[in-house]
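Chemist: Have a look at this one before I ask anything.
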Amino acid sequence: MGWIVVGLLVASAALAHERKEGLPEGPIRERHELMERVGKQAKIIGDALKTGKLEPVGPAAAKIAEEASKALPLFPEGSTHPRSRAKPEIWQQWPEFEKLMGQLQADAKATVAAAQGGGDVRAAANKMFGNCKSCHDRFRLPEKE
Amino acid sequence: MVARTWLLLQAAVVVAALGVRESNAMERGDAERGRTLFALAGGCGCHTAKDGPVGAGGGEVPTPFGKFYGTNITPDVETGIGTWSDEEIIAAIRDGVARGKGVESPAMPYYWYSGMTDADVRDLVAYLRTLPAVRKENRPHEGELPFARLAYRLWRTLFAPRFDRVRERPTDPIARGRYWVDHVSLCADCHTPRNFVGAIRFDLYLAGSLQGPGGDKVPNITPHETGIASWDEDDLVQLLRTGFTPEFDNVQGWMAEVVEGKGGGPGYRDAPEEELRAIARYLRTVKPIAHKIESERE
């Protein structure tokens with residue numbers, strides 16, 4: 001009797017563990033980590049715009065440009081996963097996806113230029129952030145359990 | 001004598017008529033203010049299908065008890081609520097009683113709306129009456145329980161929370177923020193988990209849920225480190241205005257719908273700055289609750 005209970009507990013713990021399994025190693029996990037890094041840099045820019053102390057904007061935007069240049073290979077054809085939020089539309093409309101990522105890179109570079117050359121940093125950054133939303137709305141699923 | 005009685009009678013009629021006019025004037029809502037309420041209510045998106053039209057019904061609400069479709073709340077006389085009186089519409093919003101059908105399913109958050117002031121609910125109704133009437137039959141709920149109305153009545157008796165009706169919209173920003181969060185914008189409805197019978201877990205007020213509406217993950221928005229302790233007031237206002245988190249990760253799904261409105265109608269982003277700020281201020285004051293809505297992606 002006791003063993004049955006223990007067995008059930010172990011089994012349910014194993015099940016619980018299974019449920020909690022994260023993203024697989026490889027491109028799916030790597031692109032998730034890449035996007036998280038992009039998010040960190042974006043926050044740095046957002047905070048700078050809020051306080052008006054704009055020095056960190058250039059370097060952060062440069063990092064976003066660099067990340068964007070490395071992102072596309074992390075979306076190999078058909079690389080979906082139950083835990084990934086990537087929509088299959090990415091591969092059905094690859095040229096669009098590619099273009100948005102390219103636009104992010106270009107706008108991030110333009111933000112660097114604005115920060116260095118005394119341009120309108122806020123406008124440049126907002127344009128850059130527009131790409132995040134455009135791409136997510138089209139190519140990323142809402143977060144499920 | 002007769003003349004005097006006649007005069008008195010006339011006077012009484014005039015007074016009565018004035019009285020009626022007066023109370024009508026008091027009861028008729030203001031559609032312009034109502035639009036602001038509709039925006040603060042996140043556009044009542046369940047009543048709008050993905051591509052609109054606004055209020056014509058068909059928004060999907062998947063629940064553990066079957067899939068519901070928001071009903072047509074445009075003034076169409078056959079398929080909408082064009083023939084309902086103001087009182088009937090108000091009862092549907094605040095008391096959970098739909099004309100001719102009985103108690104509404106818990107999918108309609110009437111229990112939260114029950115705290116809404118008389119003036120606000122009237123304004124909201126006045127706005128609903130300005131929506132373009134759309135002829136569109138309501139879609140029946142899928143997988144509805146047998147004796148559903150009886151079950152809903154029972155649910156209301158046993159599990160629906162009871163709120164005191166707010167008499168007048170509070171002017172203190174924090175109390176006002178709370179009024180929006182609990183009774184109009186319904187942040188509390190989506191961001192508070194429920195137990196297995198669908199009763200609200202007030203011990204986890206605003207602390208998020210892995211299984212929110214439609215199975216979406218709903219984050220903890222209390223000022224705890226497992227919630228949004230690192231967000232300041234401006235961050236929250238930015239989110240309600242633009243859908244961007246401080247990391248410029250934009251919200252999607254249900255949250256995007258309430259921010260942007262649905263079918264071209266207004267959402268949180270169209271609400272006045274001071275009201276969004278009141279919401280943000282109130283949220284900074286709620287009890288921080290440790291409740292990690294795990295990102296199981298790590």
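The values are calculated or read from the model by the stated rules, or taken from the named source; none is laboratory data. It should be emphasised that the depicted structure is a prediction, and the values quoted were computed from it without experimental measurement. Cβ coordinates were reconstructed from backbone atoms using ideal geometry, including for glycine residues, and neighbour counts include every protein chain displayed. Just so you know, the surface numbers come from the protein's heavy atoms only, side chains and all, with ligands and any DNA or RNA stripped out. Shrake-Rupley method; radii C 1.70, N 1.55, O 1.52, S 1.80 Å.
Chemist: For the protein assembly as shown, what number results from the quotient of the Cα radius of gyration and 2.2 N^0.38 Å? Please list the in-between numbers first.
Modeler: Working: Rg = 25.8 Å, N = 443, 2.2 N^0.38 = 22.3 Å.
For the protein assembly as shown, the normalised Cα radius of gyration comes out at 1.16.
Chemist: Give the lysines reachable from A:K50 as a straight Cα distance under 18 Å; neighbours fewer than 8 places away on the same chain don't count.
Modeler: A:K40, A:K127
Chemist: Would you tell me the mean number of C-beta atoms belonging to other protein chains that fall within 10 Å of each C-beta in A:135-144, as a whole number?
Modeler: Working: counts 1, 7, 5, 0, 0, 3, 2, 11, 12, 8.
Average neighbour count from other chains, rounded to a whole number: 5.
Chemist: When only Cα pairs under 8 Å and 6 or more residues apart are kept, what is the percent relative contact order across chain B?
Modeler: Working: 572 pairs, mean separation 63.5, N = 298.
Relative contact order of chain B: 21 percent.
Chemist: Can I ask one more? Nearest 100 Å² is fine: how much accessible area is buried between A and B, summed over both sides, with a 1.4 Å probe? Each step should come with its number before you reach the end.
Modeler: Values: alone 9390 and 16100 Å², together 23090 Å².
Summing both sides, the interface buries roughly 2400 Å².
Chemist: What are the DSSP H helices in chain B that stretch 27 Å or more along their long axis, judged by alpha-carbon atoms, and whose average Kyte-Doolittle hydropathy comes to at least 0.0? Walk me through the numbers on the way to the answer.
Modeler: Numbers: long enough: B:2-27 (37 Å, 0.89).
Sorted by number, the helices that extend far enough and score high enough are B:2-27.
Chemist: Among the listed pairs A:K109/B:K262; A:K133/B:K50; A:K144/B:K67, which have their C-alpha atoms separated by more than 25 angstrom in this model?
Modeler: Values: A:K109/B:K262 34 Å; A:K133/B:K50 18 Å; A:K144/B:K67 17 Å.
With Cα atoms farther than 25 Å apart: A:K109/B:K262.
Chemist: To continue, here is another question. Trypsin sites (Lys or Arg not before Pro) within the stretch B:104-143: which are DSSP loop residues with at most 15 other Cβ atoms inside 10 Å?
Modeler: Numbers: sites: B:R122, B:R129, B:R135, B:K136; in loops: B:R129, B:R135, B:K136.
Of the trypsin sites (Lys or Arg not before Pro), the ones in loops of the stretch B:104-143 whose Cβ has at most 15 other Cβ atoms within 10 Å are B:R135.
Chemist: Keeping all protein chains in place and using 1.4 angstrom, which order do B:W180, B:W84, A:W94 fall into by accessible surface area, from largest down?
Modeler: Working: B:W180 0, B:W84 40, A:W94 70 Å².
My answer, sorted largest first, is A:W94, B:W84, B:W180.
Chemist: OK, next. Please sort by residue number the trypsin sites (Lys or Arg not before Pro) in the stretch A:30-74 whose DSSP state is loop and whose Cβ has at most 12 other Cβ atoms within 10 Å. It would help to have the intermediate numbers written out before the result.
Modeler: Working: sites: A:R31, A:R37, A:K40, A:K43, A:K50, A:K53, A:K63, A:K70; in loops: A:K53.
Filter output for the stretch A:30-74: A:K53.
Chemist: Between A:L141 and B:T157, take the C-beta separation as r, use R0 = 22 Å, and let me know the FRET efficiency to the nearest 0.05. Before the final figure, lay out the partial values.
Modeler: Details: r = 38 Å, r/R0 = 1.74.
Approximately 0.05, to the nearest 0.05.
Chemist: To make sure I understand the rule: partners must be lysines, Cα under 25 Å from the Cα of B:K287, and not fewer than 8 residues away in the same chain. Which ones qualify?
Modeler: Correct list for B:K287: B:K217.
Chemist: If you keep only loop residues by DSSP, which GluC sites (Glu not before Pro) in the stretch B:115-192 have at most 13 other Cβ atoms within 10 Å of their Cβ?
Modeler: Working: sites: B:E137, B:E142, B:E144, B:E168; in loops: B:E137, B:E144, B:E168.
Counting only loop positions with at most 13 other Cβ atoms within 10 Å, the GluC sites (Glu not before Pro) in the stretch B:115-192 are B:E137, B:E168.
Chemist: To continue, here is another question. Express the relative contact order of the stretch A:26-139 as a whole percentage, based on alpha carbon pairs under 8 Å and six or more residues apart in sequence.
Modeler: Details: 117 pairs, mean separation 32.3, N = 114.
That works out to 28 percent.
Chemist: Would you mind calculating the gained length between B:E78 and B:F202 on full extension (0.36 nm times residue separation, minus the Cα-Cα distance), in nm to one decimal? Spell out each step's value before the answer.
Modeler: On the way: separation 124, 0.36 × 124 = 44.64 nm, distance 3.95 nm.
Extra length from B:E78 to B:F202 when fully extended: 40.7 nm.
Chemist: Say the dipole of the stretch B:29-283 comes from +1 at the beta carbon of Lys and Arg and -1 at that of Asp and Glu; which of B:T192, B:T130, B:G82 then lies farthest toward its positive end?
Modeler: Most positive-ward Cα: B:G82.
Chemist: What residues in the stretch B:240-282 lose 10 Å² or more of accessible surface when the other protein chains are added to their chain alone (1.4 Å probe)?
Modeler: By number: B:T242, B:F244, B:P246, B:E247, B:F248, B:D249, B:N250, B:Q252, B:G253, B:E260.
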